[in-house]
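To start, the structure itself, in structure tokens.
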Amino acid sequence: MNQQEMVDACLKHTLYTWAATGKVDPLPVQRAEGVYLYGPEGQRWLDFNSQLMSVNIGHSHPKVIAAIKAQADQLIYTYPGTATEVRAKLGMRLAELIPGDINTFFFTLGGAEANENAIKIVRGYTGRFKILSRYRSYHGATNATMQLTGDPRRIPNEPGSPGFVHVMDPWPYTFSWGETEEEITAKNLTYLEEVIQYEGPETIAAMFIETVTGTNGILPPPKGYLKGLRALLDKYGILLVCDEVMAGFGRTGKLMAYEHGDIVPDVVTMAKGLTSSYIPLGAVGVSDAIAEHFRQNVFWGGLTYNAHALCLGTALAAVEVLLEEGMVENAARLDPIMRGHMERLAAKHPSVKSHRNIGLFGMIDVQKPGGEPIAPYNGAHPAMNEMGKFFRDNGLFTFVRWGSFMCNPPLCITEAQLDEGFAIIDRALDIPDRLFG
């Protein structure tokens, strides 16, 4: 197919996510390699969002491609009740790597399924029904995870499963809990404890958090929050589930983002970077206490593709590439480099409201004169649409959402390639700067 035939057929015969298909202008991608995407007519885009913050090791790594081929030659699929070598090896490897007493795993095909099954696990283990989560969160698009999610995509999917209680984040969109991170942590946790008391702690199974909030702002937790939250939930016998689907596997400069807070959750969910999206795979990791419970009691969950051999073999290879090639360390090394770029842009462009990053997990917010976000919560602004087009026309792929845009390149990116991306961003920020006259 030529480019137009490919685009026209996709629009006619397939549905696109979170969009009215008639308004979609899809990026025509023919191949991808390293940190670049290539179109059928010679286009090249620097992938500054790792697609869906997921291609952590970069595109088309030969070691992972070879592992996929080798696994396909050996064993592709067996039903979930079998024991396979690749299932044994990935379970053992994750038990070695995931910090804390997280040594037992249930394999899914993605992050939403991981969170869906985590809901079943915490309810089955505790005998409680309610689940706490935060408004600035995204946990997946299945029925239950859409209700677990706090962001506006939840609303068109309501009413959904009962039992989900949403709470304010440490970092709301406009409101502030205080001046310092310590004050923000203290006030937010005081508020959260009151919500727990209102809801009845004996009814609450768990609280789910994105350890670092992803699409809703790239928001690292304030100082002391994770430890304080862990202690508060322990006080009431409420489990902590850390959703590491986006933040895990090196994105923040550590293997798991909860390591930054010096805590261990009861349950951790993962996907995306687990295979770097080469093949779909997610997982729920549980503490030894929870695993022991389900050795004696039935876990009422199942999937046709649970522990799919081809997916597990891909994960083994992708994780080894991530570790052997020092990509977690590269994310940590480039953390101050990315922050330096953002600080330079903030000093140069009056339209930059704020910015933040942890490792190679970053976002820049855009403002109007006077400091108001350029777009309201769940809103848009023509200048942001124009920026998005500028990025695409000038060789940069990333996500523009509301009044912000993302900076989440593959963890194999070099300093020179990071410079390339921020040079394009620098020119794009001239667009909202026009609002300042």
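In this structure, is Ala231 crowded, with 24+ Cβ neighbours inside 10 Å and aliphatic (A, V, I, L, M)? Quick ask: steps written out before the conclusion?
On the way: crowded, with 24+ Cβ neighbours inside 10 Å: no; aliphatic (A, V, I, L, M): yes.
Spelling it out, it is not the case that Ala231 is crowded, with 24+ Cβ neighbours inside 10 Å and aliphatic (A, V, I, L, M).
Just one of the listed residues (Asn357, Asn330) is crowded, with 19+ Cβ neighbours inside 10 Å and assigned to a strand (DSSP E or B), and it is Asn357.
Criterion first (surrounded by fewer than 16 Cβ atoms within 10 Å (Cβ to Cβ) and either among the charged types (D, E, K, R) or in the same structural domain as Glu415 (by TED's automatic domain parsing) (or both)) does Arg44 satisfy it? Considered against the rule, which asks whether it is surrounded by fewer than 16 Cβ atoms within 10 Å (Cβ to Cβ) and either among the charged types (D, E, K, R) or in the same structural domain as Glu415 (by TED's automatic domain parsing) (or both), Arg44 comes out as yes. Set side by side, the residues Gly340, Gly371, Gly362, Gly388 differ, and just one is outside any helix (DSSP H, G or I) and free of Cβ contacts under 8 Å to residues at least 40 places away in the same chain, which is Gly371. Scanning the stretch 75-128 for residues that are within 24 Å of Thr149 (Cβ to Cβ) and among the aromatic types (Phe, Trp, Tyr) yields a total of 4.
Pick from the stretch 308-327 the residues that are more than 20 Å from the chain's Cα centre (by Cα), small (Gly, Ala, Ser) and assigned to a helix (DSSP H, G or I): which of them is surrounded by the most Cβ atoms within 10 Å (Cβ to Cβ)? Per the criteria, the residue is Gly313. Picking from residues in the stretch 360-385 that are charged (D, E, K, R) and surrounded by 15 or more Cβ atoms within 10 Å (Cβ to Cβ), the one that is farthest from Met327 (Cα to Cα) is Lys368.
Looking across Pro26, Pro99, one residue alone is closer than 28 Å to Ser137 by Cβ, without any contact (Cβ under 8 Å) to a residue 60 or more places away in the chain and touching a Leu at 6+ places or on another chain (Cβ under 8 Å). It is Pro26. Within the stretch 261-301, being farther than 22 Å from Leu323 by Cβ, hydrophobic (A, V, I, L, M, F, W, C) and not in a loop (DSSP other than H, G, I, E, B) holds for Val267, Val286, Ala289, Ile290, Ala291, Phe294.
Inclusion of Ala67 among residues that are of a type in the set (Gly, Ala, Ser) and in contact (Cβ under 8 Å) with a residue 40 or more places away in the chain is warranted. Under the condition of being of a type in the set (A, V, I, L, M, F, W, C) and more than 20 Å from Asp234 (Cβ to Cβ), which residue from the stretch 170-198 is nearest to the chain's Cα centre (by Cα)? Across the stretch 170-198, the extreme among qualifying residues is Trp171. Annotation note: Cβ proximity below 7 Å between a residue of the stretch 313-329 that is farther than 13 Å from Gly273 by Cβ and a residue that is at pLDDT below 95 and of a type outside the set (A, V, I, L, M) (sequence gap 6+ or interchain) occurs for no pair. Hey, any hits in the stretch 235-252 for a residue that's among the polar types (S, T, N, Q), out of contact with any Gly (no Cβ under 8 Å at 6 or more places or on another chain) and in contact (Cβ under 8 Å) with a residue 24 or more places away in the chain? Scanning the stretch 235-252, I find no residue that is among the polar types (S, T, N, Q), out of contact with any Gly (no Cβ under 8 Å at 6 or more places or on another chain) and in contact (Cβ under 8 Å) with a residue 24 or more places away in the chain, so the answer is no.
The values are calculated or read from the model by the stated rules, or taken from the named source; none is laboratory data. Computed from a predicted structure; not experimentally measured. Because the Cβ atoms are built from the backbone with ideal geometry, glycine has one as well, and the counts that use them run over all protein chains shown.
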